[in-house]
Amino acid sequence: MQELKENNVLQPAMPSSWNEESKPHKFCPGCGHGIILKALGEAIDELGIKDQVVFGCDIGCSLLSWDFFACDSVQTHHGRTTPVITGMKRANNEIIGIAYMGDGGGYAIGSQHLFNAAVRNEKITIILCNNCNYGMTGGQMAPTTLPGMKTETSPYGRDIEQTGAPTKGPEMVAAVAPEGAYVARGTVANVRQAKGFIKKALENQMAGRGISFVEILSGCPTNWRTNAKQTWEFIEKDMAQYFKVGELRVPQVKEG
Amino acid sequence: MAEVSLKGEQRVFMTGNEAVAWAAVAAKVDIMYGYPITPQNEIMHYWTRLAPKYGKRFLQVEDEISAGFTTLGGVMSGRKAFTATAGPGNVLMQESAGMAEMMRLPIVYIIQQRGGPSTATVIYAQQETTLTCFGGNGEGHRIVYSTATHQELFDYTIKAFNSAWTYRFPTFVLGDGYQAKMREPLTIYDPEERGQTLVKPVALVGENIKGKQFKHLRNTYNTEDELYEVVMANQRDWDAMAPKVVEWDQKGCEDAEVIFVTHGVVSRAASTAYDQLRAQGKKVGYFRPITVRPFPDEQLGAAVKGAKKLLVAESAYGQLLKMVKTALYGSNVEIVPMLRPGVGITTEEIVEEYSKL
């Protein structure tokens, strides 16, 4: 954390791994990305890994984090952050590689990369923001759009007969990843827990145990067209009902 | 590390794919990322056999999109990294090549062309010339070496890594299925023993230095003007680089009436046709771009000044032809095309076409 008081004025509390020059950040009011990235920033601070981290961000709203951290960062293509960070880690395993993406990047256009990175147990950390729609492109249906939910490409509500049921990413990763994987789903409605998951995901990579995957349930009031109360209700009730929050895979740590 | 690689010069008899794998070892490449597709598979086969002996690595990934992007990850972390593909795989790899152009990432691709479009054949073609030179939603800011022999596959694979890491543009070695699968003699060697310098890679991100100045790399821009500045800066660098990397070969163009213009393995047929016809006293010439990107525009223009006709022969329907026409814009020389998409071209066929002129 930086000095909280400057000229006797209380400053906003920022993780020291944040890049102050890019603040205030560019996410919409009420967006969950800022909360997730704050949790990530604090986890990086607490683990003291700022200089080893390479932060990769995807396309979609997540790309707005390209200069978010005072860490080496790479903005890639839609869906391709997983292979870029994988390639980096395979070439130099001293790197702590973080792939940050949305549900479209992870579960649609980059799903083959997520699936196979999990199968190969790549020693990287993937953090995925699930907000039930494509935010940057204007609120289309995503793999995670809830049944009946209205989006720009499901204007009468998502018909799961036609489009299938929402993707449960952590469940998929947990099902295919070998021993050593860490898999969890957090929510911006419980930041302390989400930060704990993210920190464990980084520690799992540092221990070289296996893939670490954390999905965080997040809000998109701009595209949901919800006010604050409705936004929180949707995250805490509707989303959490379908997407169960908690840890799905925790590696057994060997004694001694 | 295991035994020292490529001690002394060795005369060997091997396939082109094997020659590429040895060249990558000779160029001190650290890691290959790959996905199977014919006819490039044996590059991976030989690399995976050689890699552990030389302390090198390999990762087989889920598709060519991933192969391209994992290779970019390797490059960004400061390792000499490459991948190899063909045909539809080359199409998928263009996405990563575009990112390499925008972010100036020194990735090396080995392309062993197969028939196209679509799945077509696994055998041979020159139909990926346009794709390899200009694929992606950009301006073709890349270097493409079109090889003709196994010796060239070896030499230019080594050179490709040097060019990529010197100029920071994606660099392609454009071979084909014939070169990939055929066996022929060549000399393999350690380039440093020959006094050649191997350009050292540099980490773009991820160096673990306490309190280092962090870097933010991106390929997205907010405004038209911002993008324009970046693309034009890359264009200026590419233009400045072009005369330094451009390569071509020519024979007898000074007094030739008819000049054969070919690239890649077809130029071997053209070269033999040239020799045979010259022995008969015919005034023929031979011109071959070795870099098809940047294309030797000026050199071709100078070579054809006294000629009446050009015979442009390629195993594609007009991909080289377009480059030749662009290079010779304003010239009055007659261009006779010999276009054989997806099939080989022999010396006899070129001589026959010549006799019809």
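The values are calculated or read from the model by the stated rules, or taken from the named source; none is laboratory data. The structure presented is a predicted model; accordingly, all values stated were derived computationally and were not measured. When we count neighbours, we look across all protein chains shown, and the Cβ atoms used for this are built from the backbone with ideal geometry, even at glycine. Ligands, DNA and RNA are excluded from the accessible area calculation, which covers all protein heavy atoms including side chains. Shrake-Rupley method; radii C 1.70, N 1.55, O 1.52, S 1.80 Å.
General remarks:
- Unmet criterion (only one of (1) more than 9 Å from chain B (Cβ to nearest Cβ); (2) part of a helix (DSSP H, G or I); (3) open to solvent by 10 Å² or more (accessible area, probe 1.4 Å); (4) not aromatic (Phe, Trp, Tyr)) for residue A:93: (2)
- Any chance residue B:61 is within 14 Å of another protein chain (Cβ to nearest Cβ) and closer than 29 Å to residue B:137 by Cα: yes
- Residue in the range A:181-194 that is over 26 Å from residue A:61 (Cα atoms) and among the charged types (D, E, K, R) present: no
- Residue match in the range B:118-126 (condition: buried (at least 24 other Cβ atoms within 10 Å of the Cβ), of a type in the set (Val, Ile, Thr), touching a residue at least 60 places away in the same chain (Cβ under 8 Å) and not in a helix (DSSP H, G or I)): no
- Of all residues assigned to the range A:28-49, at least one qualifies as being more than 14 Å from every other protein chain (Cβ to nearest Cβ), crowded, with 19+ Cβ neighbours inside 10 Å and in a loop (DSSP other than H, G, I, E, B).
- Residue in the range B:212-232 that is assigned to a helix (DSSP H, G or I), open to solvent by 40 Å² or more (accessible area, probe 1.4 Å), more than 26 Å from residue B:179 (Cα to Cα) and basic (Lys, Arg) present: no
- Scanning the range B:73-92 for residues that are in contact (Cβ under 8 Å) with a residue 40 or more places away in the chain and away from chain A (no Cβ under 11 Å) returns B:82, B:84, B:85, B:86, B:87, B:88, B:89, B:90, B:91.
- Residue match in the range B:25-37 (condition: part of a helix (DSSP H, G or I) and away from every other protein chain (no Cβ under 11 Å)): yes
Yes/no per residue for (1) within 30 Å of residue A:123 (Cα to Cα); (2) touching a strand residue (DSSP E or B) at 6+ places or on another chain (Cβ under 8 Å):
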{"residue": "A:185", "(1), (2)": "yes, yes"}
{"residue": "A:220", "(1), (2)": "no, yes"}
{"residue": "A:237", "(1), (2)": "no, no"}
{"residue": "A:247", "(1), (2)": "yes, yes"}
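- Criterion: part of a helix (DSSP H, G or I), touching a helix residue (DSSP H, G or I) at 6+ places or on another chain (Cβ under 7 Å), within 14 Å of chain A (Cβ to nearest Cβ) and within 25 Å of residue B:28 (Cβ to Cβ) - qualifying residue of B:70, B:132, B:157: B:70
- Residue that is farthest from residue A:56 (Cα to Cα) [pool: residues in the range B:22-81 that are open to solvent by 10 Å² or more (accessible area, probe 1.4 Å), touching a Ser or Thr at 6+ places or on another chain (Cβ under 6 Å) and of a type in the set (Phe, Trp, Tyr)]: B:54
- Residue count for the range A:60-74 satisfying the condition of being facing chain B (nearest Cβ under 9 Å) and closer than 21 Å to residue A:140 by Cα: 1.
Condition check ((1) outside any helix (DSSP H, G or I); (2) open to solvent by 10 Å² or more (accessible area, probe 1.4 Å)) across all residues:
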| residue | (1), (2) |
| --- | --- |
| A:97 | yes, no |
| A:101 | yes, no |
| A:105 | no, no |
| A:108 | no, yes |
| A:117 | no, no |
| A:126 | yes, no |
| A:149 | yes, yes |
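- Candidates are the residues of the range B:93-117 that are under 19 Å from residue B:30 (Cβ atoms) and in a helix (DSSP H, G or I); the one that is farthest from the other protein chains (Cβ to nearest Cβ) is B:100.
- Check on residue A:184, part of a strand (DSSP E or B) and either modelled with pLDDT of 95 or more or in contact with a Pro (Cβ under 6 Å, 6 or more places away or on another chain) (or both): yes
- Qualifying residue in the range B:77-88 (condition: over 23 Å from residue B:121 (Cα atoms) and more than 21 Å from the chain's Cα centre (by Cα)): yes
- Residue B:342 being without any contact (Cβ under 8 Å) to a residue 60 or more places away in the chain, at positive phi, open to solvent by less than 40 Å² (accessible area, probe 1.4 Å) and not hydrophobic (A, V, I, L, M, F, W, C): no
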